[in-house]
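For reference, the structure is listed below as structure tokens.
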Amino acid sequence: MKLTDHVTYTYDHLVNYAEIKERLERYAAEHPELTRLTVAGTTPEGRDILVLEVTDLSSGAFEDKPAYYMEGNIHAGEITGCMCILYFLDTVFSNLDSPEIKRMLRDYTIYALPRVSPDGSEHYLTTPDMVRSTNRIYPYQEDMPGLVPTDLDGDGVIRKMRVKSPVGIWKESKEDPRVMVKRKPDETEGTFYNVYSEGLIKDYDGMRIVSAPQKFGNDFNRNYPVGWKPEHEQHGAGSYPLNHPETRANTDFLIAHPNICSVLDMHTMGGQILYTPGFKLAKEADPADIAIYKTVGAMAHEESGYPVINVFDEYMPKGMAATYGGFDDFCHFILGIPAFTIECWDLDPRAGVPVKFPPDAETSDEAQFEHALKYVQWIDKENDGEGIMPWTKFNHPQLGEVEIGGIDYKRVVQNPPPKFLRQELEKHTRFMLRQVKTLPHIVFDKIEKTQLADGLWKIEAYVMNTGFLPTYVFKEGLKLKTMRPLKVTLEGGEIMIGKKEEEIGQLEGFSGIRGYNSGLGASSYETAPVEKKVTWVVKADKGTELRIQIEGARIGRKEAKTVL
Ligand SMILES: [Zn+2]
């Protein structure tokens, strides 16, 4: 049995804020030796943005170890992303006796922030409304004229609404009456419809049905200070970078924790493992950093089967604008650390919808019809017909007789239906457990003591990074020139030769050792050191205890003791 099969909670519904809070508070109360519950910020509706910090405190403080940061629900409706983090924590706390979890908590710190936007998610879960990041009205300050998506029939879901019209551009398909097909220009006989979101029209003139602008248009994932552009150039941008308490909260947390070596941002949907940059070509980033993304991403692919793709080059449709102000780009280019974005829930491939990267900017009417038909067929076959409503007559207060029907977007497309939820969470948790192990890991390889004379010793400390990632983590981080070199200190004797604080630069990880497997077999090529030696001559009596410590922004601190 895998570790991730052994969990405590059930995963049959999308979780609300109270459930998240209850879980995190329970872990904190039951395991004070492993946890600290931190409030990263508070939302306008008064909800705390909670971070559970997890490490084995008997082997060092939270900030003294390399850390793995994970978050979800920067997009309010992408509840599955948040639940992956809960599933990861559940796996950790349900398997505390396992050697793997023990090692992980001995060597590393986990910072888990399941829900960046609790106000937005709560609105998404408790109303039929769609919410991108938050339920605060934006970019306008009030409801705008036009069709406002509204749950008219009271089933809790905003679906589609079809209205008979002589200028209808849709007709019912012969293959499945729930799916609409485009009307040909020469089709004059038949029943035609126009199809809108289920909703009410504000300031209806009795003729035209136009969509109102999106009410909750804020996109927190466009609000970070990296390549930020205003609303007319980047939809959802916000009034200025970090103008929201939520985006401020995770930013301040990341800035305050330089020991964070890797970021994982959990989203839905599509089934992709995305890596930065999102606003410029991948080849404009450092090749060593991109190589790290590809190698670590390959493990994510092994667990979920999802493709590993670059946001700018492959995820965005060809010819479309870049994404500006993204959280993951902020991590990469402002903090200098890697940030994966995982889009959970791969309905398209499951339903047999062809997927290609980069996607085409435009798809044909035929391809769109096939797409819609395949979803409906998948729901019938794989989801026991749950999550779709056939066209059903409804007396609309403004339009008269209409028909409402279609898919429950929130619980079929944007998030997996309940019966697929747990498998989705489990596979990403397997990757998370693997990704932690890629962080830098400092060991004192050996400490040699040579007695030069009575009370005079030569001390040689060898420090090695046995982790995959280098101690600076990302070349982009070095370029920022904000990271101090690693510092090795010695205490306990009188230093005659050598420095009390010796700066040793950085240590490569084994990601920095190139390899090639030719017909003649494997070869390794070292490019920069993974190990360095610090030498002192100290005056001290036999039996004196020396404490040697190494410290660095990303690695925290580690100490070794030796007795002369
Ligand atoms: Zn998202």
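The values are calculated or read from the model by the stated rules, or taken from the named source; none is laboratory data. Keep in mind the model is a prediction, meaning the values are calculated, not measured. When we count neighbours, we look across all protein chains shown, and the Cβ atoms used for this are built from the backbone with ideal geometry, even at glycine. Side chains are part of the model used for accessible areas, which takes the heavy atoms of the whole protein and leaves out ligands, DNA and RNA. Shrake-Rupley method; radii C 1.70, N 1.55, O 1.52, S 1.80 Å.
What a 1.4 Å probe finds exposed on region 76-134 is 51% carbon and sulfur by accessible area, rounded to a whole percent. Note on region 435-564: with neighbouring protein chains present and a 1.4 Å probe, carbon and sulfur make up 49 percent of its accessible heavy-atom surface. Simple spin-label estimate for Thr482 and Glu63 gives 1.6 nm between the two label positions (7 Å along the Cα-to-Cβ direction from each Cα). The angle separating the long axis of helix 287-304 from the principal Cα axis of greatest extent in the chain is about 60 degrees.
Rounded to the nearest 20, the size of the Cβ-charge dipole of region 99-197 about its Cα centre is 380 debye, with Lys and Arg at +1 and Asp and Glu at -1. Computed from backbone phi, the HN-Hα couplings of region 519-526 come to x, 8, x, 7, 9, 10, 10, 7 Hz, rounded to whole numbers (Karplus: 6.51 cos²θ - 1.76 cosθ + 1.60, θ = phi - 60°; Gly and Pro given as x). Site pair Lys171 and Arg248 shows an inter-label distance of 5.8 nm when each label is modelled 7 Å from Cα along Cα→Cβ. Coupling constants for region 150-159 follow from the phi torsions by the Karplus curve (6.51 cos²θ - 1.76 cosθ + 1.60, θ = phi - 60°), and in residue order they are 9, 7, 7, 8, x, 8, x, 10, 8, 10 Hz; glycine and proline get x.
Rounded to the nearest 500, what is the chain's calculated 222 nm mean residue ellipticity when only DSSP H runs of at least 4 contribute -39500 (n - 2.57) each, over all residues? Computed mean residue ellipticity for the chain: -7000 deg cm²/dmol.
Were the residues from Ile513 through Lys458 laid out at 0.36 nm apart, the gain over their Cα-Cα distance would be 16.7 nm. Cα extents for the chain along the principal axes, largest to smallest and rounded to whole angstrom: 107, 56, 48.
Once the GluC sites (Glu not before Pro) in DSSP loops with at most 13 neighbouring Cβ atoms within 10 Å are cut out of the chain, the longest remaining piece is 363-564. For Gly41, nonlocal amide neighbours, meaning residues 5 or more places apart or on other chains whose placed amide H falls under 5 Å from its own, are Ile49.
At a 1.4 Å probe radius, carbon and sulfur cover how many percent of the accessible area of region 384-432? Carbon and sulfur: 50 percent of the exposed surface of region 384-432. Counting every C-alpha pair in region 1-53, the share spaced more than 15 angstrom apart comes to 59%.
In order along region 70-84, the Karplus-derived 3J(HN,Hα) couplings, from 6.51 cos²θ - 1.76 cosθ + 1.60 at θ = phi - 60°, round to 9, 8, x, 6, 5, 9, 4, x, 8, 4, 4, x, 4, 5, 4 Hz, and Gly and Pro are given as x.
In this Cβ point-charge picture (+1 for Lys and Arg, -1 for Asp and Glu), the chain has a dipole of about 1360 debye about its Cα centre.
The alpha carbon centroids of region 195-267 and region 530-563 are separated by 49 Å.
Residues of region 349-384 with an amide N closer than 16 Å to a point placed 7 Å from the Cα of Lys318 along the Cα-to-Cβ direction: 355-364.
Working from Cα pairs under 8 Å separated by at least six residues, relative contact order for the chain is 14 percent. Toward the positive end of the charge dipole of the chain, with +1 on the Cβ of Lys and Arg and -1 on the Cβ of Asp and Glu, the farthest Cα among Asn259, Ile513, Ala322 is that of Ile513.
Amide H contacts under 5 Å for Trp228: Gly325, restricted to partners 5 or more places along the chain or on a different chain, H placed in the peptide plane at 1.01 Å from N.
Can you grab the distance from the C-alpha centre of region 37-59 to the C-alpha centre of region 112-177, Å, no decimals? Cα centroid to Cα centroid, the span is 32 Å.
Near Asp445, the amide H atoms lying under 5 Å from its own belong to Tyr462, Val463, Met464; only residues 5 or more places off or on other chains count, and H is placed 1.01 Å from N.
With both bridge residues required to lie in the chain, what share of the DSSP beta bridges run antiparallel, to the nearest 5%? If I count the DSSP bridges inside the chain, around 80 percent turn out antiparallel. A simple spin-label model places the labels of Asp365 and Gln398 2.8 nm from each other, with each point 7 Å out along Cα-to-Cβ.
Counting only protein heavy atoms and a 1.4 Å probe, the chain has 44 square angstrom of accessible area per residue.
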